[in-house]
1. May I ask you to derive the relative contact order of the chain, considering only C-alpha pairs under 8 Å and at least 6 residues apart, and to give it as an integer percent?
2. Given the options 67, 30, 41, state which has the largest fluctuation in a GNM of the chain using a 10 Å cut-off (strictly under) for Cα springs.
3. May I ask you to give the percent of accessible area on the chain that is carbon plus sulfur, with a probe radius of 1.4 Å?
4. Which residue, 15, 63, 35, has the largest displacement toward the positive end of the dipole of the chain when charges sit on each Cβ (Lys, Arg +1; Asp, Glu -1)?
5. How high is the FRET efficiency between residue 84 and residue 44 when r is their beta carbon distance and R₀ equals 35 Å, given to the nearest 0.05?
6. Excluding residue 82 itself, calculate the net charge of residues whose Cβ lies under 14 Å from the Cβ of residue 82, where each Lys or Arg counts +1 and each Asp or Glu counts -1.
7. Please state the charge dipole magnitude for the chain, taken about the Cα centre, from unit charges on C-beta atoms (+1 on K and R, -1 on D and E), reported in debye and rounded to the nearest 20.
8. Roughly how many Å² is the accessible area per residue of the range 1-91, as a whole number, for a 1.4 Å probe?
Amino acid sequence: MRLCAWYLYGEKHRGYALNPVANFHLQNGSVLWRINWMGDSSPRGIGASCGMMVNYRYFLEETASNSALYLGSKQVKASEQVLALVSQFQQNSKL
């Protein structure tokens with residue numbers, strides 16, 4: 001879960017999210033909201049993402065500002081759950 005959070009939040013290509021689905025949602029003003037352990041336990045889900053699934057949440061009154069922040073400053077808006085996982089990853093990582 002920590003590694004998944006870091007991948008979605010911290011891994012970048014030219015400053016933007018490395019994951020194309022994350023990049024799409026963040027460009028459109030979403031918040032990286034929740035990571036779900038075994039959210040997709042189908043054989044395809046296990047093979048593609050170890051069963052993890054992510055939710056992006058759109059707060060309509062914030063989408064324009066979130067999009068501008070991401071596109072301009074390359075800052076990802078994320079929930080406390082995701083930020084806590086990112087912090088745990090950073091504390092324990094040797095990367």
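The values are calculated or read from the model by the stated rules, or taken from the named source; none is laboratory data. Note that the coordinates shown come from a computational prediction; the quantities given were computed from them, not determined experimentally. Cβ atoms come from the backbone with ideal geometry, glycine included; neighbour counts cover every protein chain shown. Heads up: the accessible areas ignore ligands, DNA and RNA and are worked out on the full protein's heavy atoms, side chains in. Shrake-Rupley method; radii C 1.70, N 1.55, O 1.52, S 1.80 Å.
1. 36 percent
2. Highest fluctuation among the options: 41.
3. C and S atoms contribute 55 percent here.
4. 15
5. The computed FRET efficiency comes out at 0.75.
6. +2
7. Computed about the Cα centre, the dipole is about 260 debye.
8. 61 Å²
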